[in-house]
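Following: one structure in structure tokens, then a few remarks.
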Amino acid sequence: MKVLLTLAAVLATAAAPAPQAPLRMNDIQVVGSHNSYKKRIAPAVFAELERRDPKLAAALDYDHLTLAQQLDRGLRQLEIDIFADPQGGRFAHPMGETLAKAEGEQTGFDAPTMMKPGFKVFHIPEVDYRSCGTFKQCIGQIDTWSRAHPRHLPIMVTINAADRPINKPGVTDPLPLTAPLLDALDAEIRDVLKPSRIITPDDVRGNAATLREAVTTKGWPTLESARGKIWFVLDTPADVSDRYRAGHPSLKGRPIFGWYDTDQPEASVEIVGDPRTDGAKIKAWVKQGFIVRTRSDADTREARENDYARQQAAIDSGAQAVSTDYYPGAPTRGWSKGFTVTLPDGVMERCNPVTQAAGCKLPK
């Protein structure tokens, strides 16, 4: 009998699944939003835009819930567009606001706040200018929500920094992002968020020689240690990215990760526009340890055509952040045909299908 019991115990142990290794930050896949700050264009402004440029109007015909409402719905990647305004007032009087007020519309635009120095958040000067506020206000809203939900998965915030002249009559051009302005951007993050609230390149690199070496060998921080925190990625042209890392090898001392080619010492995050053409590349990068953000739809096209091909390509690629304008509960239009983006089975977060085996479960 003792032999039989021993044999049964051995067989039971052999049949038991191996315990799941601790998940890391790159071992998840989440739904995020694109231009997360964007409010609906004022009706009078949109009507004029539609008259002048119907194609552009169609591409801009979307908006979002508040940042807190998006986070309530499970989004764990947000995008914020910034415009440098070191003196204040550069973007305080958009042409669209003058038109909207002439039509008696109340847009909620906060001109006094826009007069203050600091980075501003909006999409397109003069036209698509309604948002969550200044950069510090917007990340403050994220921080407030995060503090109230300390077990959330890490929130990835991509910062799309406007830096190029628009060269259109009457349109206020963005300022070039000089080294001092990039330092000022860092300072605004640190003014709002204490070091314990964010994940930085230094945290990820540790004692590795480079940031790239860290993510491709020892890996990202564990998911457990990253819960309740926020991290930032700078999405800029190459010359601005180079300026950001100048004097900061592997982004030493910087609070923001950057978008660099995967052979660079600072490489850790990649941003890919269309997973239908770059799905294999995304999957290869994910397997190497990089984190990738991609998009499931763009310019309202997929929603208008009820086309889920791009969404499926994004999910299958293993990109850790799948960004959309159409998460569950997002504002819609009559033409959107119920187009909604989630991960399989309607979830907003799950184990990464490329780095983890089937059956992996996210710990609560």
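The values are calculated or read from the model by the stated rules, or taken from the named source; none is laboratory data. Predicted, not measured: the structure shown is a model, and the values here were computed from it. Neighbour counts run over all protein chains shown; Cβ positions are idealised from the backbone, glycine included. Calculation scope for accessible area: heavy atoms of the full protein, side chains included, ligands and nucleic acids excluded. Shrake-Rupley method; radii C 1.70, N 1.55, O 1.52, S 1.80 Å.
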With the first residue restricted to region 339-353 and required to be open to solvent by 30 Å² or more (accessible area, probe 1.4 Å), and the second required to be outside any strand (DSSP E or B) and of a type in the set (K, R), Cβ contacts under 7 Å at 6 or more apart or on different chains are E349/R76
Residue list for region 103-125, filter: in contact (Cβ under 8 Å) with a residue 40 or more places away in the chain and open to solvent by 80 Å² or more (accessible area, probe 1.4 Å):
E103
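Let's see how each residue does on (1) within 29 Å of I199 (Cβ to Cβ); (2) open to solvent by 50 Å² or more (accessible area, probe 1.4 Å); (3) in contact (Cβ under 8 Å) with a residue 60 or more places away in the chain:
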{"site": "Q288", "(1), (2), (3)": "yes, yes, yes"}
{"site": "V292", "(1), (2), (3)": "yes, no, no"}
{"site": "S296", "(1), (2), (3)": "yes, no, no"}
{"site": "S323", "(1), (2), (3)": "yes, no, yes"}
For A15, indicate whether it is at pLDDT below 95 and either surrounded by 10 or more Cβ atoms within 10 Å (Cβ to Cβ) or farther than 30 Å from L153 by Cβ (or both).
yes
Extreme residue, farthest from G359 (Cα to Cα), among residues of region 23-45 that are assigned to a helix (DSSP H, G or I) and either open to solvent by 20 Å² or more (accessible area, probe 1.4 Å) or in contact with a Phe, Trp or Tyr (Cβ under 6 Å, 6 or more places away or on another chain) (or both):
P43
Out of the residues in region 126-157 that are open to solvent by 10 Å² or more (accessible area, probe 1.4 Å) and of a type in the set (D, E), state the one that is farthest from the chain's Cα centre (by Cα).
E126
Criterion: out of contact with any strand residue (DSSP E or B) (no Cβ under 7 Å at 6 or more places or on another chain), over 18 Å from D85 (Cα atoms), modelled with pLDDT of 95 or more and not basic (K, R) - qualifying residue of A209, A184:
A209
For region 298-321, which positions are open to solvent by less than 40 Å² (accessible area, probe 1.4 Å), assigned to a loop (DSSP other than H, G, I, E, B) and not small (G, A, S)?
T300, Q320
Identify all residues within region 47-72 that are within 16 Å of A100 (Cβ to Cβ) and more than 26 Å from the chain's Cα centre (by Cα); write none if there are none.
A47, E48, L49, E50, R51, R52
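What is the residue count in region 189-207 for residues that are assigned to a helix (DSSP H, G or I), open to solvent by 20 Å² or more (accessible area, probe 1.4 Å) and within 17 Å of M156 (Cα to Cα)?
Residues flagged as assigned to a helix (DSSP H, G or I), open to solvent by 20 Å² or more (accessible area, probe 1.4 Å) and within 17 Å of M156 (Cα to Cα) within region 189-207 amount to 7.
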Can you name the number of the only condition in (1) open to solvent by 10 Å² or more (accessible area, probe 1.4 Å); (2) without any contact (Cβ under 8 Å) to a residue 40 or more places away in the chain; (3) small (G, A, S) that G170 fails?
(2)
Taking region 236-264 only, how many residues are in contact with a helix residue (DSSP H, G or I) (Cβ under 8 Å, 6 or more places away or on another chain) and either within 19 Å of A84 (Cβ to Cβ) or surrounded by 18 or more Cβ atoms within 10 Å (Cβ to Cβ) (or both)?
15
Taking region 286-316 and keeping only residues that are among the hydroxyl-bearing types (S, T, Y) and more than 14 Å from P275 (Cα to Cα), one is left with T300
